[in-house]
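Some notes on the structure that comes next.
The values are calculated or read from the model by the stated rules, or taken from the named source; none is laboratory data. Given the structure is predicted, the values throughout are model-derived calculations rather than measurements. Here the Cβ positions follow ideal geometry from the backbone for every residue, glycine too, while neighbour counts run over all protein chains shown. Keep in mind that these areas ignore ligands, DNA and RNA; they rest on the heavy atoms of the full protein, side chains included. Shrake-Rupley method; radii C 1.70, N 1.55, O 1.52, S 1.80 Å.
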Amino acid sequence: MTTRTEATFFPPIPEAQRWLQGVEFPADRPLLNLAQAAPADPPPPAMRRAMAELIEVPSSHLYGPVLGHGDLRAALAEDWARHYGGTVEAAQVGITAGCNQAFAATLSALTTEGDEVIVPTPWYFNHKMWMDMSGVVAVPLPTDDTLIPDPEAARALITPRTKAISIVTPNNPAGVEYPAETLSALFDLCRETGIRLIVDETYRDFATHTGAPHDLLARPDWADTLIQLYSFSKAYRLTGHRVGAVIGDAELLHQIEKFQDTVAICAPSLGQKAALHGLQTLAQWKAEQRDEILARRAALAEAFAPLEVKGWRLKGLGAYFAYVEHPFAMGAADLAPLLVREAGVLILPATMFTPPEDPSGDRHFRIAFANAGAESLRALCTRLAALDLPPLQPL
């Protein structure tokens with residue numbers, strides 16, 4: 001009998017770390033680790049000072065309300081309504097122990113074993129892992145050469161067991177921002193067919209546009225269809241404090257409350273207080289972080305020219321990620337550990353983001369560039385361009 005955890009694959013980040021074992025990197029060519037997207041720096045000094053003071057507050061160490069502290073729920077509702085030009089109530093916001101838990105809780109409230117969720121490929125691996133462990137069928141929705149899903153292709157995949165379409169925008173792993181018209185069409189499709197649209201907007205604070213990416217929250221009865229997920233980890237570097245959010249129908253959150261109480265009881269109290277501090281005082285700092293990510297995005301785009309000459313293609317670029325097509329006969333799954341040894345580069349093969357039967361996985365890599373400066377990104381492109389491997393032969 002297969003256990004729940006045996007139903008899925010080993011987490012890609014720890015798997016990739018194994019490729020480093022026994023490999024020595026010379027001082028003049030250190031490892032370029034662009035495998036993981038998590039911020040490498042701690043929260044900003046102002047937040048750390050506030051957290052140091054909060055340590056002395058007794059409630060920072062206690063259980064809080066299962067769906068989150070009321071002041072944080074209200075503040076995020078206000079922030080969300082202002083950003084999207086819609087109406088959000090505090091009762092429509094639930095705080096979770098990270099955004100991955102927000103996704104797991106949402107699926108637990110929507111699905112049972114054998115149900116289906118449509119997911120554009122390439123997909124975020126932790127979402128796929130949770131579906132595997134829950135007995136939920138991840139139905140792949142192939143994307144086109146721009147890595148954007150086609151709503152009509154999604155329509156063709158809907159069956160009586162379909163409960164939701166789940167997307168990430170700005171996307172992990174592809175880096176693309178889904179156009180407002182795509183989101184609108186997916187919302188209309190879900191509303192028409194009576195399923196939910198789950199939109200993970202973990203990376204929304206680093207998008208190329210400053211305004212609302214869609215108008216879905218301004219739609220009448222949006223909560224009957226739309227569920228939004230968010231993470232404070234990326235925006236405020238609170239990765240170790242595990243604070244995420246679900247924005248959706250209050251009755252759905254009542255069901256999520258069962259999951260939350262059983263798995264985590266509540267999100268960490270100190271992290272929630274820090275997230276509230278960030279919402280209330282760090283708008284300018286967050287804008288500066290966005291500018292830095294956009295500068296790194298531009299640096300990678302500029303540095304990519306030598307790779308284009310060698311047949312590489314930059315197919316997606318945004319937020320924390322680039323999605324690139326390589327020109328070699330060897331597949332990405334075999335190339336990835338070879339790149340560690342031959343180029344001192346750690347990036348993830350797209351086989352970690354695609355179904356096993358999808359040949360596109362072996363043609364692509366994800367590059368997580370958010371922690372790399374311009375010099376490192378130039379070094380990355382220089383090292384990859386220097387690879388001398390058999391090319392893919394044209395059909």
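Points worth noting:
- Under-5 Å amide H pairs with residue 116, H placed in peptide plane, nonlocal only: 137, 162, 163
- Relative to one another, the C-alpha centroids of the stretch 102-132 and the stretch 250-302 are positioned 21 Å apart.
- GNM top mover of 103, 25, 321 - the chain, alpha-carbon springs below 10 Å: 25
- For the chain, the longest principal axis of the Cα atoms and the long axis of helix 283-303 meet at an angle of about 20 degrees.
- Using only side-chain charges placed at the Cβ, +1 for Lys and Arg and -1 for Asp and Glu, the dipole size of the stretch 253-392 relative to its Cα centre rounds to 260 debye.
- At the residue level, residue 184 shows approximately 30 square angstrom of accessible surface with a 1.4 angstrom probe and all protein chains present.
- Accessible area (Å², 1.4 Å probe, nearest 10) - residue 251: 100
- Exposure rank, largest accessible area first [63, 230, 124; 1.4 Å]: 63, 124, 230
- Accessible surface area normalised per residue over the stretch 208-257 is 34 Å², counting heavy atoms of protein chains with a 1.4 Å rolling probe.
- Accessible area of the stretch 1-89 belonging to carbon and sulfur atoms, whole % at 1.4 Å probe: 55
- Summed over the residues of the stretch 116-167 and divided among them, the accessible surface reaches 37 Å² per residue at a probe radius of 1.4 Å.
- Only protein heavy atoms count here; on that basis, with a 1.4 Å probe, residue 285 has an accessible area of about 40 Å².
- Candidates 381, 190, 99, ranked by Gaussian network fluctuation over the chain, Cα under 10 Å, top entry: 381
- For the chain, the longest principal axis of the alpha carbon atoms and the long axis of helix 332-343 meet at an angle near 70°.
- Mean residue ellipticity at 222 nm, helices only, the chain: -12000 deg cm²/dmol; runs of at least 4 DSSP H residues each add -39,500 (n - 2.57), and the sum is divided by the number of residues.
- Principal axis dimensions, largest first and in whole angstrom, of the chain by Cα: 57, 52, 46
- Only one residue of 22, 386, 278 has its Cα farthest out toward the positive end of the dipole of the chain, where Lys and Arg carry +1 and Asp and Glu -1 on Cβ, and that residue is 22.
- The angle between the Cα long axis of helix 99-110 and the main principal axis of the chain comes to about 60°, on a 0 to 90 degree scale.
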